[in-house]
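Following: one structure in structure tokens, then a few remarks.
The values are calculated or read from the model by the stated rules, or taken from the named source; none is laboratory data. Being a predicted model, the structure only gives us computed values, none of them experimental. Reconstructed Cβ throughout: ideal geometry from the backbone, glycine too, with neighbour counts over all protein chains shown.
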Amino acid sequence: MRTLGPGALVAGYRIERRIGSGGMGSVYLARHPRLPRYDALKILSHGADEEFRARFLREAELAGRLDHPNIVAIYDCGSDDDMLWIAMQFVDGYDAAKLLKEQERGLPAERAVAIVTGAARGLDAAHRAGLLHRDVKPANILIAPGGADGTDRVLVADFGIARATTESGGLTAVGQVLATLAFAAPEQISGGALDERTDVYALGGTLYQLLTGAAPFPRDTVAAVMHAHLTAPRPAPSVIEPALPRALDSVVARAMSIDPAGRYRSCGELAEAAAGALLVPNAPLRRGWIPGRDRRRGASGRDGASGRDGASGRGSASGYSRASGRGRVGRGRAVVLIAAVTAVVAVAAVVLVATHTSGSDAATATGTSTTVAGSPWHAFGFIADAFPALLPSTPSGRGYQNLRCTASDNASKAVSIDEALDQPVLVCTNGDISLWATCNTNRSAMPALEITDKSLGNAAWSRTSGTGAAEWTTFETDGQARGQLKIHFDDAARSFCKLRITGANSGRELYDQWWPNAPI
């Protein structure tokens, strides 16, 4: 559908500007036709698709029943010149995904728990009204900066795929997963029965990402992500951020239990457990966090990007315009949220979370395996040593552009750093860029790049460090275009390794923006 410009009229609403887009439509800031206020006007972008039309109207019907301070209010809905629209509460703030974009290492634990607590109140209210959200994620959690009392407000948005707890069948084809895959519960993937614990699972995944900046189960393909939700060990926040209280690992593990019976009974129960985990004696606070104050730039809106034209993000259902904010932090269990801006994190691969056991620092080589004696990466040390300026030197460290890495096999399955593999992989991310460093343990050369008709471009490269070839493509995941870049090495010091990088909006954009300055 066309983009509506300033001054356009829809059902009497006068469009001011476009402020975002979601999975089902675009969101505009619009002046109410009669009242002295602005609303967020969501307009369907799939007008010719009857299934989307039905789902869009049901969003208004179901969400319109909800009246709670932690849920974005729905005011009205209708059709105008074959355009379906919903008028909803305008939240002058930002979403949690934008906050994560500004703070790529994740939020201070107290702040993350405070956001989840506010969202839990709204979700539990929806559950009491007989509605499931089914798409809980940071982009659907909005934050309105503090009012007169200085307390920020957290609201749950986008009930676009909401479902009555008594509803079965209809509107969802067999095998179709409508939730954002990064946070989809196993029963959503397998076609099982859904209940309140489906939202508990997604809120647990959201807590994990707020704490670490990483999605729970990033993998190379949609099938691999789905398989991880169904079978992989549950992600542990302290693996990514060792300074986090270990008690939070147990909270996330229970919230994201594969079996719904093993999860918390409500979102509120999850939030209470997370708050309690922060009070475990001697549990270390997150690195860089000082109670009552956050000294890291970007933690408050005043240090973040300024302006008033923020977008809701692709996954958000409600509009809001402020890109800067303010806030304060309280002591003890109560925390007042601090404002900042960020952008929606792509559903595709972010960080592969692995739980690993400690081993001897003096790793040994047997047969053709290659290990680095004393390397913090143990059996994976030779990969980190091949790219010292690119990859972190320790499992808890940071590499180029804040890359964080975990150990994996060549099927993207998390493994211990002590595991001897023929072709180990370090999977890394900074939230925007994901990187796979794959190396042959026996140091045999990797095959040359195979240029196919899917390739959008390729080029030989030469640097002081050596020579090689690059090939770039574009692929689509969850309806969003992503770039992919493959790097081959000719020099003997790295010819046994290959790199694959994903990010940006196209392969060419990734090659142009990331490759020139990459320390390779």
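Contact annotation: residue pairs with Cβ atoms under 7 Å, 6 or more positions apart or on different chains, pairing a residue in the range 62-88 that is farther than 21 Å from residue 119 by Cβ and touching a residue at least 24 places away in the same chain (Cβ under 8 Å) with a partner that is of a type in the set (Asp, Glu) and in a strand (DSSP E or B), are 75/39; 87/39; 87/76.
Looking at the structure I just gave you, is residue 194 at pLDDT 90 or above and under 25 Å from residue 106 (Cβ atoms)?
It is false that residue 194 is at pLDDT 90 or above and under 25 Å from residue 106 (Cβ atoms).
Here residue 470 passes the criteria (1) surrounded by 15 or more Cβ atoms within 10 Å (Cβ to Cβ); (2) of a type in the set (A, V, I, L, M); (3) in a loop (DSSP other than H, G, I, E, B) except the one numbered (3). Scanning the range 460-495 for residues that are under 32 Å from the mean Cα position of the chain (by Cα) and hydrophobic (A, V, I, L, M, F, W, C) gives 469, 470, 472, 475, 481, 485, 487, 489. When the range 199-239 is filtered for residues that are crowded, with 24+ Cβ neighbours inside 10 Å and acidic (Asp, Glu), only 199 remains.
Within the range 1-41, the set of residues being at pLDDT 85 or above and closer than 24 Å to residue 138 by Cβ comprises 17, 18, 27, 28, 29, 39, 40, 41. Restricting 122, 146 to residues that are touching a residue at least 12 places away in the same chain (Cβ under 8 Å) and over 24 Å from residue 181 (Cβ atoms) narrows the list to 146. Of all residues in the range 394-417, those satisfying the criterion of being of a type outside the set (Ser, Thr, Tyr) and either part of a loop (DSSP other than H, G, I, E, B) or free of Cβ contacts under 8 Å to residues at least 12 places away in the same chain (or both) are 395, 397, 398, 399, 403, 409, 410, 411, 413, 415, 417. Counting only residues that are out of contact with any Asp or Glu (no Cβ under 9 Å at 6 or more places or on another chain) and acidic (Asp, Glu), the range 103-138 holds 1 of them. Taken over the range 502-520, the residue count meeting the criterion of being under 21 Å from the mean Cα position of the chain (by Cα) and not in a helix (DSSP H, G or I) is 6.
Considering (1) of a type outside the set (Phe, Trp, Tyr); (2) assigned to a strand (DSSP E or B); (3) out of contact with any strand residue (DSSP E or B) (no Cβ under 9 Å at 6 or more places or on another chain), say which one residue 76 fails and leave the rest. The failed condition is (3).
Between 421, 426, 391, the distinction of being at pLDDT 85 or above, buried (at least 22 other Cβ atoms within 10 Å of the Cβ), in a loop (DSSP other than H, G, I, E, B) and of a type outside the set (Val, Ile, Thr) belongs to 391 only.
Condition check: closer than 18 Å to residue 428 by Cβ, surrounded by fewer than 22 Cβ atoms within 10 Å (Cβ to Cβ) and touching a residue at least 12 places away in the same chain (Cβ under 8 Å). Does residue 243 satisfy that?
Judged against the criteria, residue 243 is not a match.
Inspect all residues belonging to the range 81-89 and state whether any of them is surrounded by 22 or more Cβ atoms within 10 Å (Cβ to Cβ) and in a loop (DSSP other than H, G, I, E, B). Checked against the condition, which is being surrounded by 22 or more Cβ atoms within 10 Å (Cβ to Cβ) and in a loop (DSSP other than H, G, I, E, B), the range 81-89 yields no hits at all.
Within the range 466-494, if we keep just the residues that are among the basic types (Lys, Arg) and at pLDDT 90 or above, the residue that is farthest from residue 451 (Cα to Cα) turns out to be 494. Quick one: is residue 63 among the aliphatic types (A, V, I, L, M), surrounded by fewer than 24 Cβ atoms within 10 Å (Cβ to Cβ) and touching a helix residue (DSSP H, G or I) at 6+ places or on another chain (Cβ under 9 Å)? In short, no.
When the residues of the range 207-237 are filtered to those that are at pLDDT 90 or above and of a type in the set (S, T, N, Q), the one that is farthest from residue 100 (Cα to Cα) is 231.
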